[in-house]
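The values are calculated or read from the model by the stated rules, or taken from the named source; none is laboratory data. Quick caveat: nothing in here was measured; it's all calculated off a predicted structure. Because the Cβ atoms are built from the backbone with ideal geometry, glycine has one as well, and the counts that use them run over all protein chains shown. The protein model used for the area step is the full one, side chains on, heavy atoms only, and it has no ligands, DNA or RNA in it. Shrake-Rupley method; radii C 1.70, N 1.55, O 1.52, S 1.80 Å.
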Amino acid sequence: MTVLPKNRHMLVEPIDAPEEPSSGILVPDDYVSKQSNEYELVKVLALAPDCSTSVHGALGRRALVEGHMIKDVKIEGIKYKLVLENYMLAVLDDAQ
């Protein structure tokens, strides 16, 4: 199945950040923290056709987005992450 974003959304994949040290507090295995980072580093997988041309260069690249604006959706048991284009703060230039 292919997910095609619409209405100025971008399909993104989080880039794993180094894990913070454990606090030593035990929680259930299925516990999910509601706290999100202020900013998240993601890879842009797909863009809605109506996204502005200013974000078209982000496709396939790493971008910085507002973490609390990432929408988690589950379709047929698969988790996806969507974010509106105007919550992208920067695109990282990996060229050295």
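A compact table of results
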{"quantity": "Hits in segment 53-89 (condition: in contact with a strand residue (DSSP E or B) (Cβ under 6 Å, 6 or more places away or on another chain) and of a type in the set (Ser, Thr, Tyr))", "calculated": "TYR80, TYR87"}
{"quantity": "Residue satisfying condition, being within 17 Å of ASP94 (Cβ to Cβ) and either of a type in the set (A, V, I, L, M, F, W, C) or at pLDDT 90 or above (or both), within set GLU40, GLU13", "calculated": "GLU13"}
{"quantity": "Output for segment 42-62, where each listed residue is surrounded by 15 or more Cβ atoms within 10 Å (Cβ to Cβ) and either without any contact (Cβ under 8 Å) to a residue 40 or more places away in the chain or within 12 Å of VAL83 (Cα to Cα) (or both)", "calculated": "VAL42, LYS43, VAL44, LEU45, ALA46, LEU47, ALA48, CYS51, LEU59"}
{"quantity": "Matching option when the condition is surrounded by fewer than 12 Cβ atoms within 10 Å (Cβ to Cβ) and either within 21 Å of ASP72 (Cα to Cα) or at pLDDT 90 or above (or both), among SER33, SER22", "calculated": "SER33"}
{"quantity": "Filter result (outside any loop (DSSP other than H, G, I, E, B) and either β-branched (Val, Ile, Thr) or closer than 9 Å to PRO5 by Cβ (or both)) within segment 46-58", "calculated": "ALA46, LEU47, THR53, VAL55"}
{"quantity": "Scope segment 63-74; condition open to solvent by less than 90 Å² (accessible area, probe 1.4 Å) and within 21 Å of THR2 (Cα to Cα); matching residues", "calculated": "ILE70, VAL73"}
{"quantity": "Residues (part of a strand (DSSP E or B) and surrounded by 10 or more Cβ atoms within 10 Å (Cβ to Cβ)) located in segment 75-96", "calculated": "TYR80, LYS81, LEU82, VAL83, LEU84, MET88, LEU89, ALA90, VAL91"}
